[in-house]
Structure formats: structure tokens, C-alpha cells
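S.K.: For reference, the structure I am asking about is given below.
The values are calculated or read from the model by the stated rules, or taken from the named source; none is laboratory data. Model, not experiment: these values are computed from the prediction. Heads up, the Cβs are rebuilt from the backbone with ideal geometry, glycines too, and the neighbour counts pull from every protein chain shown.
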Amino acid sequence: MNQKTRSAPPRAMAMLESLRGLGYSTGAALADIVDNSISAGASEVCIDFQWDGGNSRVLILDNGRGMSDPELEGAMRLGDKNPLAEREAHDLGRFGMGLKTASLSQCRRLTVASAKDGARSCLRWDLDELAANPEGDWLLFEGPAEGSQPHLASLDDMKAGTLVLWEMLDRIVTSGYTVDNFNDLIDNVESHLAMVFHRLLQGPRAQIKLLLNGRPVEPWDPFMSGHPAKPWVSPVAQQRTDSGMVLAQCHVLPHRDKLTRAEFDESAGPAGWTAQQGFYVYRNERLLVAGGWLGLGNARAWNREEAHRLARIRLDIPNTADADWKIDVRKSTARPPVSLRPWLIALAEKTRDHARKVFAFRGTPTPAAGNHPIEQAWRTERLKAGMGYRIDHSHPSVAAVLERAGDLQPLVKAMLRVIEETVPVQRIWLDTAENKETPRTGFEGEPNAAVIEVASVLFNDLIERKGLSIEEARKSMLRTEPFQKFPMLVAKLGSNQ
């Protein structure tokens, strides 16, 4: 029995206007265009933002292999490739939509010119021209729009390459938009591209060179690879799946105390320390997901929390795993398959635990010379009612007061107990969450004179009360928190005696 069917193609304008709302940022849209350039074998991609008020434009030029006229027509057709079809191992695409959806999310006119073997082709989507067509046909226009030809001149002397031109930037240059806003956008795009393509940009044998308004995009490495203060990096773990091998490596970044101000600011990433924690999912070394816990957790999904902001985990998946990982059109979300969740949760739990310890102990005081542990003023106790924080009476500064307190010792101990019972935990937690950084301790930001004033009192007590020599007292100070952070100042104590 023959079934009755009807042809119901979508109307061009209705479909294209709907696809414009997929939610691309400008950086994500440009990353999709760069993906195409990389897949085309380009070694250099030049992105130019040209400000001209409402006539501003963006150009993306690559030196890849280019496209013939039939190839360009296929590239400009929506859904030209079946996302289920097998891709080449190096291919960064999947849906055959990126060039069109990414571009039209930012502009109303998309022109693509390409050169291959000396021959040149040019096609464009023009939403305003389509809107004037009452039939709703899918009209792909040949050649640039009137007045746009000069913007394609950079392709004239190239035997191979592709130029993408965005005009009528209605999703970017909106009412009240200024050149300062345009420049801020360029900075945001640079940060995004530096993160997404950092593994392809870095090293002496970089696979791609990105130029943004003539300036090279420098890679941003979320893992601070090679930094001497990193407290922990795991070996690369492997897990075989039906769609290929998945690789994972866990990283805990240094505490702020171990970084310069410039290093701390740079390593925070485009979204900041707390938002950048979690998994980084790569396909062919191209970053898809930058941070977050992929909906994983035990009783409930983990949130991004200050205590785990130093935890970052690198995941590499093959491009054959897109369906299993539910990669979306924008290449910005991923969900791990059920079979991998226990493995990933175990890796994340270990990394989060390491990161929490480094965060809680401000980088964990480094053992002094001779591998002696650092004497800390506070210790943590697990009580029936929960966690408690106690002042360690054996800390040299506390012990010195208690030994000399005489009849006042019960009063001093009562004072210490009051301090322990009134630690403003909620206030500290709230301030940390709001300010996105741990409160200042350990004489951070204090002048040397303030450190010396306190250290001298304790240093003299070690000599007078405990009978230590100057050298022994200095060694003791270097085993005492927070003075282990100031070896140069400690070395000067007693130099006038």
C-alpha cells in the first residue's frame, strides 16, 4: 500500500530567523568558523573586526585548501552533511551547520569567498534580500552585495584560501553601541579563542596561528602546565569505550599564596576561578566544555564551590563519541555516557579532595628544612556536632603566654576558648563566596615591619625562656606558621645581638 505524502519544506526566512536564536556568543561563533579553517588544513587564520558604526563588519581569512564552487555551495547549504556520517579523524565539525548558524547568529549578511587551484567562487546568505521574497524560497546569492567587493580584496592574491565576511551585525552593534563596546568585544573574543584553541596554539610546533586585528592570540592554558608550585598532577588515565578511547588527567592548581598577582589573575580564566573549576572536555585538542562538573555527583550533582576552585580535569574524547557525549550544535555542552560516570566521579572525587585540602590550608605549609612539619596555630577537630576549630596550645606563641601566665593561666585559657567558640565561620564563608577569594591571613599585604615586630617578640621568647641559641631560634621560627613564609626576615632576627 502506497502511503500518501506531502512535501513540507520550511520557509527560508522563518527557518533562518529561528536558527539565529541558538545562543552563540560572538566568541563561540568565531570558534566555529576557525574550526572549519583548521579542518581545511589552514596554518593561519586572520580575524579582523572593522568598526564603522552600523556598517561595522568582521572578516575571517584562512590559508587553507579553499573550496571549488560546488564545494562552497555545499558548505553554504544548511544540513549538507549527515551528522551520523563517519568523519575524518581530524575533522572538528559534526552537524554541517556551524558556518551558517554561527555566522547568522551575529549578522544578517554572510558572504563567503573561496579560492582553490586559482579559481574563485563567492556565495552569500542575505536575510534582508530573502525577506523581500514572498515565496519563501531558499535563495543563495552569487557574488558579494553591492559595495562589499572591496572587503574581499585580501583574497585576491591567494591561490587557495577562504574569506568569511559578516556584515549588518544586528546582534552585535545594537542601539547605543560604541567603539569602546566594540573594543571590549574584541578582548572577550580573544580570551575565548585563547582558551578554546590553546592546545593547538601553544608550543614550538603549534598547529595553527590565530591573528586578531593583526595581533597573535596567545594560548591560555587552564592547567598551568609546568608551574613549579602545582601541588598535584595525576598520571593520564585511560578508559576504552565503544566509540573510542577516553583520556583523563587531573590537576590541582597552586593556591593563591604560591602565585604572583599576575599569575593569579591570568590563571583565573575568562569566567574567574570558581566558574573555571571542573572538567575540560576536548575533541581533537579543541576545547568543547570549559569547566563545570558535567552533572556528576553522588547524592546530587556537584555545584561550583570555592573550596574546589583549584580542581581542573582534562578529558580527551574522540570525534566518534559526539553522540555518546551529546555534543550540541554550538559545541559548548557535553554529557558523559552512563557507562563512564562511575569512573569520572571517582577521578573527580579524588581531585576535589586534593583541591579542597590545598584551598583550606592555603597551599599546605611546606615542611621546613630536615622535613620537619610546620607548627600551625589552628587545628581541626571532628566533634559529635560537626567540625570544630581549636587553637593549638603547643604553638610557640600560645605556649609562651600560657607558661608565663601564672595565676592568669585559667583566664587566658578561657579567652582562647571564647575565641574558638566564636570563630565567624558563616561570615568567613559568605565573604569568601562574595569576594571570590579567601580572606587575607598570614601577614598577606602587611609591610615587613609588621612581620618583624611580631616575630621579634616570639624570637626573643625562644632565646630567653627556652634557652635556644640564635641559630636554633631561627630554625624554630622557620617551623612555625606563618613565619615560614618569611625566611629572609627570619634570617635577620638576632643579627644585632
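S.K.: Among the residues of the stretch 77-84, are any basic (Lys, Arg), modelled with pLDDT under 80 and either surrounded by 15 or more Cβ atoms within 10 Å (Cβ to Cβ) or under 30 Å from the mean Cα position of the chain (by Cα) (or both)?
M.R.: yes
S.K.: Further question: Name every residue in the stretch 250-298 that is within 24 Å of TRP429 (Cα to Cα), acidic (Asp, Glu) and at pLDDT 90 or above, in order of residue number.
M.R.: If the condition is that a residue be within 24 Å of TRP429 (Cα to Cα), acidic (Asp, Glu) and at pLDDT 90 or above, then ASP265 is the only one that fits.
S.K.: OK, next. How many of the residues making up the stretch 393-411 are in a helix (DSSP H, G or I) and under 22 Å from PRO482 (Cα atoms)?
M.R.: Qualifying residue count for the region: 8.
S.K.: Report, by residue number, each residue of the stretch 471-486 that is surrounded by 14 or more Cβ atoms within 10 Å (Cβ to Cβ) and farther than 18 Å from SER394 by Cβ.
M.R.: ARG474, LYS485, PHE486
S.K.: Please work out which residue is surrounded by the most Cβ atoms within 10 Å (Cβ to Cβ), limiting yourself to the stretch 456-470 and to residues that are within 47 Å of the chain's Cα centre (by Cα) and not β-branched (Val, Ile, Thr).
M.R.: Filtering first and then ranking leaves PHE459.
S.K.: Now for a separate question. With respect to the numbered conditions (1) at pLDDT 90 or above; (2) exposed (fewer than 14 other Cβ atoms within 10 Å of the Cβ); (3) under 27 Å from ALA307 (Cα atoms), which one is the sole condition not fulfilled by ILE391?
M.R.: (2)
S.K.: Sticking with this structure for a sec: Tell me, please, whether a residue that is of a type in the set (Gly, Ala, Ser), assigned to a helix (DSSP H, G or I) and modelled with pLDDT of 85 or more can be found in the stretch 422-435.
M.R.: For the stretch 422-435, residues of a type in the set (Gly, Ala, Ser), assigned to a helix (DSSP H, G or I) and modelled with pLDDT of 85 or more: absent.
S.K.: Name every residue in the stretch 194-209 that is in contact with a helix residue (DSSP H, G or I) (Cβ under 6 Å, 6 or more places away or on another chain) and either modelled with pLDDT of 95 or more or part of a strand (DSSP E or B) (or both), in order of residue number.
M.R.: Those that are in contact with a helix residue (DSSP H, G or I) (Cβ under 6 Å, 6 or more places away or on another chain) and either modelled with pLDDT of 95 or more or part of a strand (DSSP E or B) (or both): VAL196, ILE208.
S.K.: What is the number of the single condition among (1) outside the structural domain of THR333 (by TED's automatic domain parsing); (2) surrounded by 17 or more Cβ atoms within 10 Å (Cβ to Cβ) that SER225 does not meet?
M.R.: Only one criterion in (1) outside the structural domain of THR333 (by TED's automatic domain parsing); (2) surrounded by 17 or more Cβ atoms within 10 Å (Cβ to Cβ) is unmet by SER225, namely (2).
S.K.: For the stretch 196-209, how many residues are closer than 15 Å to ALA28 by Cβ and in contact with a strand residue (DSSP E or B) (Cβ under 6 Å, 6 or more places away or on another chain)?
M.R.: 1
S.K.: If you don't mind, another one. Among (1) of a type outside the set (A, V, I, L, M, F, W, C); (2) assigned to a loop (DSSP other than H, G, I, E, B); (3) more than 20 Å from the chain's Cα centre (by Cα), there is one condition ASP221 misses while meeting the rest; what is its number?
M.R.: With (1) of a type outside the set (A, V, I, L, M, F, W, C); (2) assigned to a loop (DSSP other than H, G, I, E, B); (3) more than 20 Å from the chain's Cα centre (by Cα) applied to ASP221, the lone miss is (3).
S.K.: Follow-up question, since we're still on this one. Please verify whether TRP273 is among the aromatic types (Phe, Trp, Tyr), under 22 Å from TRP220 (Cα atoms) and outside the structural domain of GLY442 (by TED's automatic domain parsing), treating the condition exactly as stated.
M.R.: Yes.
S.K.: Keeping to the stretch 147-190, report how many residues are farther than 22 Å from ARG20 by Cβ and surrounded by fewer than 14 Cβ atoms within 10 Å (Cβ to Cβ).
M.R.: 13
S.K.: Of the residues THR441, THR380, which is loosely packed, with under 14 Cβ neighbours inside 10 Å, among the β-branched types (Val, Ile, Thr), touching a residue at least 60 places away in the same chain (Cβ under 8 Å) and under 24 Å from HIS308 (Cβ atoms)?
M.R.: Only one candidate qualifies: THR441.
S.K.: Checking the structure you have, find out if any residue of the stretch 20-32 is of a type in the set (Lys, Arg), at pLDDT below 95 and surrounded by fewer than 17 Cβ atoms within 10 Å (Cβ to Cβ).
M.R.: No, the stretch 20-32 contains no residue that is of a type in the set (Lys, Arg), at pLDDT below 95 and surrounded by fewer than 17 Cβ atoms within 10 Å (Cβ to Cβ).
S.K.: Let me ask another. So if I check each of GLY93, GLY136, which one is at pLDDT below 95, within 18 Å of ILE33 (Cβ to Cβ), touching a helix residue (DSSP H, G or I) at 6+ places or on another chain (Cβ under 7 Å) and assigned to a loop (DSSP other than H, G, I, E, B)?
M.R.: So the residue among GLY93, GLY136 that is at pLDDT below 95, within 18 Å of ILE33 (Cβ to Cβ), touching a helix residue (DSSP H, G or I) at 6+ places or on another chain (Cβ under 7 Å) and assigned to a loop (DSSP other than H, G, I, E, B) is GLY93.
S.K.: Still on this structure, please answer the following. Considering only the stretch 225-333, give the strands (runs of 3 or more DSSP E) lying wholly within it that have at least 2 residues that are in contact with a helix residue (DSSP H, G or I) (Cβ under 9 Å, 6 or more places away or on another chain), in contact (Cβ under 8 Å) with a residue 12 or more places away in the chain and within 25 Å of GLN202 (Cα to Cα).
M.R.: So the answer is 244-252, 278-283, 286-290, 311-317.
S.K.: Quick check on the stretch 234-261: of everything there that is surrounded by fewer than 18 Cβ atoms within 10 Å (Cβ to Cβ) and hydrophobic (A, V, I, L, M, F, W, C), which residue is farthest from the chain's Cα centre (by Cα)?
M.R.: Result: MET245.
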